[in-house]
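Everything on this sheet refers to the single structure shown next.
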Amino acid sequence: RDCQQADIKYLSGWKQWKRASSKSLKKVLSEVKELSSYLKLWRHDIHSIEGKFGTGIQSYFSFLRFLVLLNFIIFILMFSFVTVPTIISKYGMFNSSFAKIPPKNIDFNCTVYKPSGNKGLVYFYTYLKDLLSGTGFLQVTSLFYGYYTVDAAWIGTMRYNLPLAYLLATFAYIAVSLIWIIKRSVEGFKQNLVNAEDQFQSYCNKVFAGWDFCITDPNAARLKHHSLQYELQTDLEEERLKRKIAERTMKEKLRIYSLRIFINIIVIAVLSGCFYSIYRATVFSQEKSNVSIRHDIWTDSANLLVQYLPSMVITLANFIAPQIFSLLIRLEDYSPAFEIKMTLLRCVFVRLASIGVLLFSLWSRISCATDTCKACGYNYELYPCWESDVGQEMYKLMIFDLIIILAVTLFVDFPRKLLVTHCSCKPVQWCGLQEFGISDNVLDIIYGQTICWIGTFFSPLLPAIATVKYFIIFYVKKISLIHTCKPAARPVRASSSNFFFLLVLLIGLILAFIPLGISIAHIPSSKACGPFRSFNTSWAVVPDAILEFPKALQQILYGIASEAFAVPLFMVICLVMFYFIALAGAHKRVVEQLREQLV
């Protein structure tokens, strides 16, 4: 330090200022980072859960916190760039106005949209029905696509292209989700790779370097003790299973593999039954809903049940199938970590593909081949504003999912706890307290997040509902975990779980983008509502916006989109990829040499 201070005297004034400002900046950043760790949402709650129930269950709650923040950012994006400009222009705030461009070469009948809003005297139960189904007074609010009929907003002299902003905001929230998930996945993958490399190294790290010497609080110390204990238990359990697998005879291996093949056949049969039930329920619901003329409490209740039939069948499939899978997986004799992964993968097919089956059923009715459909480009008679109808289905799935989670906690988990505590009957005691199923709970929130990603295009304020929903779920699950669950009999490692949760979430995002891409690029947009009513499809707004650019910029963009640019770019990307693969191989060899030297 004395040498550095002596050297500073001979530096120029600019270099002295640069060095001093660099030191100050590092200090400020360090303090901000330390402060931000204290401001983390649910920091104390998650640390407490980690100490009492292990890092595996803690990883679920950390994952839930990540989704709350992600949905809040998606809501800010959609609200700032889509909802606020529409409201400002419609109500004439800040010297603003709006323009509506009528669709060209379209029959006038296709442009009429009369949403079934409530008129006159309305009963309370009607408001409740509308709140649950997204119809009535909610249908004409900014919650759904049909509200955004503005083509261009003028704020002073500035023109705001709302259709283009709507589409770009959709791509932006998909991109933000993708980048954030990949960033977190890479961190988890690195940690997973280190843990998987050498098990002995993992023991050494825990025994000799596992303690946090900054801990001064006795409660925090106790939590850290429990956390390390759970991690060591997980390591020992995995080692025990590895030894058991290594000692298997040929006869035992043959028996296990035959059993696994038979169980996978049962799994395929269960999946097929779920998908067919969802398809039939959706078709029946679309045919029978809103056909009654009478309006009383019984008719409206029956109509609400019919509207919710696809949601109920999907939820029933999502509830029954994981229970069957969790029973079957125990017979297959996998390690705890792999057990979670396999159950998750099977449940992913049920939950995420069920949304795809629902959307396929809707699209088959929206896109038809009759003369009426040809006149408007889609089934106008049944779906004058089909985007709002899809938004309502996603809204119903979101609300029903929350209702089911709350109902299961209140009417299943807590009564079971009371029975086990106060009833000494053998069947009740045999059932015992439930374990906190990490795979089932993770699938619940990934399923909800996939609904949110698909539904945000059709219902721009759906991320706000998802944020509130996950906020409620955190406290419900925390109370349920502490008061109704027992610690897991087979501990689970957090590092592998975290990475795998994000991998499944990434699959959910990719699957969500497929129906979104089809809706934007392939299915004709509604001519009676929404910002894209002047275009054949939602994507058509992009070429239309490019035509307004200067000629030079147009030529550059067309050049980038051409094969002459794409082929060389693909070759350069391949070369860069091969370079990084070679670099990774060289680094691996160096690491192996260093490990040998250490030994």
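The values are calculated or read from the model by the stated rules, or taken from the named source; none is laboratory data. Being a predicted model, the structure only gives us computed values, none of them experimental. With ideal geometry, Cβ positions are generated from the backbone for all residues, glycine too; neighbour counts draw on all protein chains shown. All accessible areas refer to the heavy atoms of the entire protein, side chains included, with ligands and DNA or RNA removed. Shrake-Rupley method; radii C 1.70, N 1.55, O 1.52, S 1.80 Å.
Let me confirm something: among 268, 297, 293, which residue is on the phi < 0 side of the Ramachandran plot and modelled with pLDDT of 75 or more?
After ruling out the rest, the residue left standing is 268.
List the number of the failed condition for residue 314; all other conditions in (1) more than 30 Å from residue 130 (Cβ to Cβ); (2) modelled with pLDDT of 80 or more hold.
Residue 314 satisfies all of (1) more than 30 Å from residue 130 (Cβ to Cβ); (2) modelled with pLDDT of 80 or more except (1).
Among the residues of region 147-174, which ones are open to solvent by 10 Å² or more (accessible area, probe 1.4 Å) and touching a residue at least 24 places away in the same chain (Cβ under 8 Å)?
Matches in region 147-174: 147, 149, 154, 155, 156, 160, 161, 164, 165, 168, 172, 174.
Determine, yes or no, whether residue 465 is of a type outside the set (Phe, Trp, Tyr) and modelled with pLDDT of 90 or more.
So residue 465 passes the test.
For region 1-71, which helices (runs of 4 or more DSSP H) that fit wholly inside it have 2 or more residues that are of a type in the set (A, V, I, L, M) and without any contact (Cβ under 8 Å) to a residue 24 or more places away in the chain?
It comes to 2-8, 13-38.
Are there any pairs with C-beta distances below 7 angstrom linking a residue in region 561-577 that is surrounded by 10 or more Cβ atoms within 10 Å (Cβ to Cβ) to a residue that is not in a loop (DSSP other than H, G, I, E, B), with the two at least 6 apart or on different chains, and if so which?
565/559
So residue 412 ticks every box in (1) open to solvent by 30 Å² or more (accessible area, probe 1.4 Å); (2) modelled with pLDDT of 85 or more but one. Which box is left unticked?
(2)
State whether one or more residues within region 338-355 are farther than 24 Å from residue 512 by Cα and in a helix (DSSP H, G or I).
There is at least one residue in region 338-355 that is farther than 24 Å from residue 512 by Cα and in a helix (DSSP H, G or I).
Going by the conditions given, is residue 433 touching a Ser or Thr at 6+ places or on another chain (Cβ under 9 Å), buried (at least 20 other Cβ atoms within 10 Å of the Cβ) and touching a residue at least 40 places away in the same chain (Cβ under 8 Å)?
So residue 433 does not fit the description; no.
Can you pull out every residue in region 244-278 that is open to solvent by 100 Å² or more (accessible area, probe 1.4 Å) and among the small types (Gly, Ala, Ser)?
none
Give region 505-519 a look and list any residue that's open to solvent by less than 20 Å² (accessible area, probe 1.4 Å) and either under 10 Å from the mean Cα position of the chain (by Cα) or among the aliphatic types (A, V, I, L, M) (or both), or say none.
Hits for region 505-519 are 505, 508, 509, 512, 516.
Sort out for me the helices (runs of 4 or more DSSP H) sitting completely within region 356-424 that have 1 or more residues that are more than 27 Å from the chain's Cα centre (by Cα) and not charged (D, E, K, R).
Result: 371-376, 414-422.
Can you name the condition, by its number, that residue 583 falls short on among (1) more than 30 Å from residue 342 (Cβ to Cβ); (2) touching a Gly at 6+ places or on another chain (Cβ under 8 Å)?
Unmet for residue 583, out of (1) more than 30 Å from residue 342 (Cβ to Cβ); (2) touching a Gly at 6+ places or on another chain (Cβ under 8 Å): (2).
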